[in-house]
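A short write-up of the structure that comes next.
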Amino acid sequence: MDRECRQGFVQERTLWNLVYDVVMRLLRLLGTLAYAYADDILLLIPARFAGDLQGRIKVVIQQLVREFVILGLSLNNGKTEVIIFENLPRWLTRDARWMIKT
């Protein structure tokens, strides 16, 4: 995201949390596991096949961008990165939803 909070300004952190709450709810509705830290979001998007994953990523990003526009924010493409995990470690694959097969 392009907008940032001023460091140490208590009210802005509260406002930022409210904005993030809207974004996190949207991600939950999209079936995406998300972790937020400061002004960054880590998304875990499960899929069994590469084509399915590409489609799901596209839908999630489109919905996020639409929500960001409503909130007056924008996605920072320079900081946006996609990492695909294959053959995940056993501790991550206990839940079959996280398996990606190509």
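Numbers below:
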item: Cβ-based exposure ranking for VAL59, VAL69, VAL23, in which fewest neighbours within 10 Å come first; result: VAL69, VAL59, VAL23
item: Packing-based exposure ordering (other Cβ within 10 Å, fewest first) of ILE61, ILE41, ILE83, ILE70; result: ILE83, ILE70, ILE61, ILE41
item: Residues GLU81, GLU86, sorted so that the one with the fewest Cβ neighbours within 10 Å comes first; result: GLU81, GLU86
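Just so you know, all these numbers are worked out from the coordinates, no wet-lab data involved. Computed from a prediction, not measured in an experiment: that's the story for all the values here. No Cβ is skipped: glycine too gets one built from the backbone with ideal geometry, and neighbour counts run over all protein chains shown.
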